[in-house]
Structures are given as structure tokens and as C-alpha cells.
Amino acid sequence: MFRKLLLLTVCYLCFTSANAQLIINEVLYDPSNTGLEGDANGDGFYDQVQDEFIEFVNTSSADLDVSRYRIYDHDTITGLKTLRHTMGYDLILPPGGALVVFGGGTAIGSFGGAHVEVDLGTLGLSLGNSGEKIFLADSSGNWVDSINSNALSNNPNESYTRNPDITGAFVQHGSVTPGKLFSPGTYVNGSPFNTQTGISGNIRDKSSLIFPNPGNGEFQISAEIEGKTIRISNLFGQEILNIEHAGNNISMGNAPEGLYFIYVVESKKSQVFVLKH
Ligand SMILES: [Ca+2]
Ligand SMILES: [Ca+2]
Ligand SMILES: [Ca+2]
């Protein structure tokens, strides 16, 4: 028997305050200089600074405001920490959404629908190929995440990515997908992260749309969203259910216990909720 809890309100409160965070998921600090192999930003040119990138993912189950987050390059030999990039304004990532920052040039491609920024300075990210750490700070200057590139093998000519994405340790990209040197804005297998537009409204106000709370794996939806498309995915972006013209009852079936995102899709808009069961 499944004991499943629908914790829309509770999860919203927990994850926006305690667990809301942006993680480094992939880093290309040494793009390949063989032909255009290293043209990660897709602009048709190889440039060892411009084609560097860092991919970030919102691992929380709520929208995350990453406006003015900062990337620092910390030289482990000199001890100097240098600001390399500051994120833009009004940048809200949805749960599981990705952000890619390139060192320069022009970003040409879909990049999985992720939010993409290009550094406008002449130094770009200037990620050393050895002997440094990359630090991420939030808008208040609190350290959020870091990666020690020196702990990884130097001069890899490809990116380092978490494997599995989001939760795993860093490995060379080609060791997961042979011949594929990077995947800015997508999972290592090329599938997109959550590309929904971040919801900046108050999700708690929407919790009554899906009930009961807590539930038992069988829950009901309100008349307001009945008949619309509902998609349920896990934290890794894998779709569990896709229900068109939803009736007023939904079952989670054999889905294992854990956190899930519920998207109520209407035209090109969607509302997202958190489901734990
Ligand atoms: Ca470099
Ligand atoms: Ca390029
Ligand atoms: Ca990736």
C-alpha cells in the first residue's frame, strides 16, 4: 500500500528557504583546439576563452531567483579570487531549470531551451586548465557551490559533467557519451532540463488546485484545471505521467517515493507544483 503525501504547501516552504540552490553541473574549462571540436557556443569559431562555459541547474523544487549570482575564479597557487561573471537581472529559474554561461562570442543554438548568458568582458570566464577552483556566490556574496578543476585531470579537451546529471560526481563528458565533448543546457544524453518559464507568483496560493494534502497516491484536481494537460516528472526531468484532458482523479501508479513536479499546461503557459509521495 502506498503512503503518499501531497505536500504542496509544506514543500514550497521547505525548499525555498532551506534547500533552494543552484549547483554547478558541467564545466568546460578546456575546449578542444582540434578544428571546431571545441566550438561549444556554436558560433562557428573556436576560441579557448569564448567557448568555455559553466552549466548550472536549480536543484530546488521551487523557482529560484539567481539574479546577480557571481562566478569567481580562485587561483589555488596565488590564493587570489577574481570575479569573472555576474548573472543578469530578473533571472528566475524554474525547478530543475538550467543556466549556461559562456565565456564570450555569440551563443548560437537551442541549448535545450536553457537560459543562456554570454560574458561580455574581454577576459571571459578565463578558467584555468589547472590549479584553480571555480566558486559560485549568490547575490549577497554567500558561497553556494564550487568545483576544483585541479582535482580533475588537466587539459581534457572536453567538459566535466556530473554523472548522473545533478547528483553524480564529475567525470569527463566523453566517458558518458563517447565522442560528445559537452552538452551545454541539456542532460549529458542531450535531453533538455526543465524549460518552463520560472513562476514568480506565490505557489502556495495554488495548492488547493490539487488535493487532498496529504494524499495517498490518488489525488483530485479542482474544476479549474480539469480538462487541461498535466505532466508529472521526477527531479531528473524524466516524465512519469502525461495526461491530456485530465479527469478529476489522478493516480501516481507505481512511481517510487520521492519528489515530483506537476505541470498544469495551458497553451504555452504552465503552473508548477511540488508533489511528494
Ligand atoms: Ca581554459
Ligand atoms: Ca565558438
Ligand atoms: Ca550538460
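The values are calculated or read from the model by the stated rules, or taken from the named source; none is laboratory data. What you see is a predicted model, and the numbers here were worked out from it, not measured in a lab. Cβ: placed from backbone, ideal geometry, glycine included. Neighbour counts: every protein chain shown.
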Across the stretch 71-107, what is the total count of residues that are in a strand (DSSP E or B), hydroxyl-bearing (Ser, Thr, Tyr) and within 21 Å of the chain's Cα centre (by Cα)?
2
Cβ pairs under 7 Å, 6+ apart or interchain, first in the stretch 186-198 and at positive phi, second at pLDDT 90 or above and in a loop (DSSP other than H, G, I, E, B), ordered by first then second residue, are Gly190/Ser183
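Give the stretch 33-45 a look and list any residue that's within 15 Å of Leu125 (Cα to Cα) and near ligand 2 (Cβ under 6 Å from one of its atoms), or say none. Spell out how you get there, then give the answer.
Step one: filter the stretch 33-45 for residues within 15 Å of Leu125 (Cα to Cα), giving 40-41.
Correct list: Asn41 only.
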Can you tell me which residue is nearest to ligand 1 (Cβ to nearest atom) among those in the stretch 66-119 that are touching a residue at least 60 places away in the same chain (Cβ under 8 Å) and polar (S, T, N, Q)?
Thr76
Answer yes or no: is there a residue in the stretch 22-30 that is more than 12 Å from ligand 1 (Cβ to nearest atom) and not in a strand (DSSP E or B).
no
Which residue is surrounded by the fewest Cβ atoms within 10 Å (Cβ to Cβ), if the candidates are limited to the stretch 174-194 and must be near ligand 3 (Cβ under 8 Å from one of its atoms) and farther than 21 Å from Leu64 by Cα?
Val188
Only unsatisfied item for Phe261, checking (1) at pLDDT 75 or above; (2) part of a strand (DSSP E or B), is (1)
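Can you name the residue in the stretch 74-118 that is among the charged types (D, E, K, R) and at pLDDT below 90 and, of all such residues, is nearest to Thr161 (Cα to Cα)? Please lay out each step first, then the result.
From the stretch 74-118, those among the charged types (D, E, K, R) are 75, 81, 84, 90, 117; that's our starting set.
Then keep just the ones that are at pLDDT below 90; that gives 75, 81, 90.
Working: Asp75: 21, Lys81: 23, Asp90: 27 Å.
Here the answer is Asp75.
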Please work out if Asn154 is surrounded by fewer than 18 Cβ atoms within 10 Å (Cβ to Cβ), within 15 Å of ligand 1 (Cβ to nearest atom) and more than 19 Å from the chain's Cα centre (by Cα).
yes
Pairs, first assigned by TED's automatic domain parsing to the domain that holds Ile23 in the stretch 161-176, second in a helix (DSSP H, G or I), C-beta under 9 Å, six or more apart:
Thr161/His173; Thr161/Val176; Asn163/His173; Asn163/Ser175; Asn163/Val176; Pro164/Val176; Phe170/Ala151
Thr161 passes all but one of the listed conditions (1) touching a helix residue (DSSP H, G or I) at 6+ places or on another chain (Cβ under 6 Å); (2) assigned to a loop (DSSP other than H, G, I, E, B); the exception is number (2)
